[in-house]
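J.: Here it is, the structure in full.
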Amino acid sequence: MVIEEHSILIEDIDLEYHDYTRDRLFSRGRTSSFHALKGIKCQITRGENVALLGKNGAGKSTLLKCIAGIIRPSAGTISTFGRVILLSGSDPGFLPHLTGGQNVIELATAYGIKDSELGEFYDSVVEFAEIGEAIDRNFKGYSTGMRGKIGFGFITALRPEILLIDETLGVGDLEFRKKASGRLEEFIQNSGTVIISTHSLNLAKKICSRGLVVDKGVLVYDGDSAGAVDLHISNSEN
Amino acid sequence: MPNIIITPERLRQVSEYTQTEREDDSSRVSFLLKNKFRRIAGDRRLGVVWILLDPIIIASVYLFVFSVLRASANGATVFIGIALIRILQDSTKSGVNAISDFSGGIKAERIRTRVLIFSSIYFRVLDSFFQSIGVVVILYLAYGVEPVGLLVILLSSVTLGIVCEGVGLNLALIARKIPDVKSIVDYILFLMFFGSPALYSLSSTSGVHRTLNLYNPFTYFAEVCRYFSGLESSVNEFSAGIYLPLMGLSLLLTYRGYAKIDELRWKVSTW
């Protein structure tokens, strides 16, 4: 069956956000709608690595959230075949009152890591994060970079069938970003489908065979990643 | 491997719900449940013990005020009423504000709605139990209430907690669209604290106040607990024509509230 080869099928997706705004302090205000995605349609094959490009506010994050089932489309259908993980920001749900180590263990079970795999999972995250003895300190005391390292290490250790990445490589210092790129490449080689929304165009070209460009909620390009990068650069310059 | 179809109406898993997924969901329920208690505990040294202490402290303060005013309040009556009304307030607010917690704290993956429902119900059971257990110990040690009375208080507390959260869930969508509803609910709960038979028994009320309380489900929980605790109670005067439909309606709203979580969660995701 053809459908089995697909990892993600997106059919004519529209999405509207609803918002309440008040013009003046004593006005009653009104509810308004904002069309964030318009008629998005594409198919992503199992094992494909796709770069999702577009300016800020183009609808990239909204599309990823929609695929992850976090937000509701107002029209159309999305079918996903496999477990979907959305890496957005650097926080898979860490708790401020627990230590980094406790967080990794507690969250790992919540993300379906079995007891028998827990040790290996923990080592993998801690080894990647390289935050030393801070792993035993309360998470709320961590810097943004430390949080990013643990968060990224955690999610890329999960091995989902579909991984959606939203700008996460922007966190941390240069060294971390290099390391994260390496881990991401390793992850992509070892696993399923990846859609990565990034401003790192070199990374997009290097690891993705295909590129999508979104502009004002509309999919304006679907082709090879080099073409997508060129169009994105041209759109950004205009 | 879950196969999911996402439409504007709902998110539906079309593949089989496997044993592994069932086990994962069970771990998540446990994780969410612990998180809810962790949030209450925060950095406080006594942690979740505050759940147990809260109704005892509030009831003690009111008993002190009554003694200053030379009002003849029965301590056991006040302890039972305060424990139950605090459960009513917390559970109703939790239901009305449920939308703020629909990710369950797991941010990288959508968790199944059944995980949210089970963790909410388990939390409500435990939270209501803890809120009443301290009072139950005091009623036993200081007021000599019989075990049957104590058991009825614990059962009533848990039932009241679930019912109030379920009823509150019915208001969650409208509270999301019109946040003023949350303030209105807060005022109603504040009024109920003093207007319901929490600090006094139903027999102390008269006229319109009494009539209104006969249509207040809280009255039945509080008075039944007092009755089985050997305290002054109006249980024998209750009319089945009022309390049976009232309880039936409450249970119906409770079921509707929990059953609608999936739809509610989906609807408000773009709000």
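Nothing in this text is a laboratory measurement; each read-out follows from the coordinates by a stated rule. The model shown is predicted, which means the values in this text are computed figures rather than measured ones. Note: ideal-geometry Cβ built from the backbone for every residue, glycine included; neighbour counts use all protein chains shown.
J.: Along the charge dipole of the range B:4-270, Cβ charges K/R +1 and D/E -1, which of B:LEU88, B:TYR220, B:LEU63 sits furthest on the positive end?
T.: B:LEU88
J.: Taking 7 Å along the Cα-to-C-beta vector as the label spot, tell me the B:LYS182-B:SER203 distance in nanometres, rounded to one decimal.
T.: 4.2
J.: Further, regarding this structure: Let me know the whole percent of all Cα-Cα pairs from the range A:36-96 that are separated by more than 15 Å. Before the final figure, lay out each step's value.
T.: Values: 1087 of 1830 pairs.
Taking all Cα-Cα pairs of the range A:36-96, the fraction more than 15 Å apart is 59 percent.
J.: From the P(r) of chain A, could you give the percentage of C-alpha pairs in the tail past 23 Å? Spell out each step's value before the answer.
T.: Numbers: 14975 of 28203 pairs.
More than 23 Å apart: 53 percent of the Cα pairs in chain A.
J.: Using a cut-off of 16 Å between alpha-carbon atoms, which aspartates and glutamates can reach B:LYS93, once sequence neighbours fewer than 8 places away in the same chain are excluded?
T.: B:ASP101, B:ASP127, B:GLU165, B:ASP180, B:ASP186
J.: Same structure again: Which entries of A:LYS38/B:LYS267; A:LYS55/B:LYS107; A:LYS140/B:LYS267; A:LYS60/A:LYS114; A:LYS206/B:LYS267; A:LYS216/B:LYS267 show an alpha-carbon separation above 27 angstrom in the structure shown? Display every interim value, and only then the final one.
T.: Details: A:LYS38/B:LYS267 19 Å; A:LYS55/B:LYS107 24 Å; A:LYS140/B:LYS267 32 Å; A:LYS60/A:LYS114 33 Å; A:LYS206/B:LYS267 39 Å; A:LYS216/B:LYS267 23 Å.
Cα-Cα > 27 Å for A:LYS140/B:LYS267; A:LYS60/A:LYS114; A:LYS206/B:LYS267; rest within.
J.: Let me ask another. Once phi is turned into ³J(HN,Hα) by the Karplus curve 6.51 cos²θ - 1.76 cosθ + 1.60 with θ = phi - 60°, what whole-Hz value does each residue of the range B:14-19 show in order, with x for glycine and proline?
T.: Working through the residues one at a time gives 9, 7, 5, 7, 7, 4 Hz.
J.: Within chain A, which complete DSSP H helices have Cα atoms spanning at least 27 Å along the helix axis and a mean Kyte-Doolittle hydropathy of 0.5 or higher? It would help to have the intermediate numbers written out before the result.
T.: Numbers: long enough: none.
Helix filter hits for chain A: none.
J.: Next question. So if I average 1/r over every pair of distinct C-alpha atoms in the range B:163-211 and take the inverse, what Kirkwood radius in Å does that give? Intermediate results must be reported in sequence, preceding the final value.
T.: Working: mean 1/r = 0.0802 Å⁻¹.
It works out to 12.5 Å.
J.: Using only DSSP helix segments of four residues or longer, with each worth -39500 (n - 2.57), what per-residue ellipticity at 222 nm results for chain A after dividing by its residue count and rounding to 500? Don't jump to the answer; show the numbers that get you there.
T.: Values: 7 runs with 84 residues, N = 238.
Roughly -11000 deg cm²/dmol at 222 nm, from the helical runs in chain A.
J.: Same structure again: Which percent, to the nearest 5, of DSSP beta bridges fully inside the range A:112-238 are antiparallel?
T.: On the way: 6 of 11 bridges.
Here the share of antiparallel DSSP bridges comes out near 55 percent.
J.: Calculate, in whole percent, how much of the Cα-Cα pair population of the range B:29-145 lies beyond 26 Å. Let's see the in-between values first.
T.: On the way: 2117 of 6786 pairs.
Tail of the P(r) past 26 Å holds 31 percent of the pairs.
J.: Run through every distinct alpha carbon pair of chain B and return the Kirkwood hydrodynamic radius in angstroms, one decimal place. Write down the numbers at each step before the final one.
T.: Values: mean 1/r = 0.0499 Å⁻¹.
Taking the inverse mean of 1/r over all distinct Cα pairs, chain B comes out at 20.0 Å.
J.: With a Förster radius of 51 Å, plug the Cβ-Cβ distance of A:ASP19 and B:GLU146 into 1/(1 + (r/R0)^6) and report the FRET value to the nearest 0.05.
T.: Details: r = 57 Å, r/R0 = 1.12.
Rounded to the nearest 0.05, the efficiency is 0.35.
J.: Using a basic spin-label model with each label point 7 Å from the Cα along Cα→Cβ, how many nm lie between B:THR211 and A:ASN202?
T.: Here the answer is 8.1 nm between the modelled labels.
J.: A further question on this structure: Principal axis lengths of the range B:1-75 from Cα atoms, whole Å, largest first?
T.: 67, 32, 20
J.: Fewest first, what order do B:THR20, A:THR198 take by the number of other Cβ atoms within 10 Å? List each step's numbers first, then the result.
T.: Values: B:THR20 11, A:THR198 21.
The most exposed by this proxy come first: B:THR20, A:THR198.
J.: Given q = 0.05, 0.08, 0.09 Å⁻¹, what are the Debye log10 I(q)/I(0) values for the protein assembly as shown, with equal point scatterers placed on the Cα positions and solvent ignored?
T.: Debye curve over Cα of the protein assembly as shown, log10 I(q)/I(0) at q = 0.05, 0.08, 0.09 Å⁻¹: -0.26, -0.62, -0.75.
J.: Further, regarding this structure: Show which aspartates and glutamates lie in cross-link reach of A:LYS178 when reach means a straight Cα distance below 18 angstrom and same-chain residues fewer than eight apart are skipped.
T.: Straight-distance partners of A:LYS178: A:GLU127, A:GLU130, A:ASP166, A:GLU167, A:GLU186.
J.: Give the share of C-alpha pairs in each 10 angstrom bin for the range B:128-190, from 0 to the last occupied bin, in whole percents, shortest bins first.
T.: Final binned percentages: 20, 34, 24, 17, 5.
J.: Shifting gears a bit: Would you kindly calculate the mean projected area, averaged across all directions, of the convex hull enclosing the Cα atoms of the range A:1-62, in square nanometres? Write down the numbers at each step before the final one.
T.: On the way: hull surface 23.9 nm².
So the mean shadow area of the Cα hull is 6.0 nm².
J.: Looking at the range A:95-158, I'd like the Rg to Rh ratio, where Rg is from alpha-carbon atoms and Rh is Kirkwood's inverse mean 1/r.
T.: Details: Rg = 10.6 Å, Rh = 11.4 Å.
With Rg and the Kirkwood Rh in hand, the quotient comes to 0.93.
J.: Let me ask you something else. Got a sec? Which residues in the range B:95-112 would a label at B:ILE40 touch, if it sits 7 Å along Cα→Cβ and we count backbone N under 15 Å?
T.: Hits in the range B:95-112 for B:ILE40 at 15 Å: B:95.
J.: May I pose another question? Please list, in order along the range B:217-224, the HN-Hα scalar couplings obtained from phi with the Karplus expression 6.51 cos²θ - 1.76 cosθ + 1.60 (θ = phi - 60°), rounded to whole Hz, x for Gly and Pro.
T.: x, 4, 3, 5, 5, 5, 5, 5
J.: Provide the descending list of Cα extents for the range B:118-271 along its principal axes, expressed in whole angstroms.
T.: Between the extreme Cα coordinates on each principal axis of the range B:118-271 lie 54, 36, 27 Å.
J.: Roughly what would the spin-label model give for B:LEU191 and B:ILE174, points 7 Å off Cα along C-beta, in nm?
T.: Between B:LEU191 and B:ILE174, the label points sit 1.4 nm apart.
J.: Cα centroid distance between the range B:116-181 and the range B:17-55, in Å?
T.: Here the two parts' Cα centres lie 16 Å apart.
J.: Between the alpha-carbon centers of the range A:128-146 and the range A:8-83, tell me the distance in whole angstrom.
T.: Between the Cα centres of the range A:128-146 and the range A:8-83 lies a distance of 33 Å.
J.: Take each of the peptides B:154-166, B:6-18, B:114-126, A:134-146, average the number of other beta-carbon atoms within 10 Å over its residues, and list them starting from the highest. Don't skip to the end; give the middle numbers.
T.: Numbers: B:154-166: 24.0, B:6-18: 13.7, B:114-126: 19.4, A:134-146: 16.0.
Top to bottom by mean Cβ count within 10 Å: B:154-166, B:114-126, A:134-146, B:6-18.
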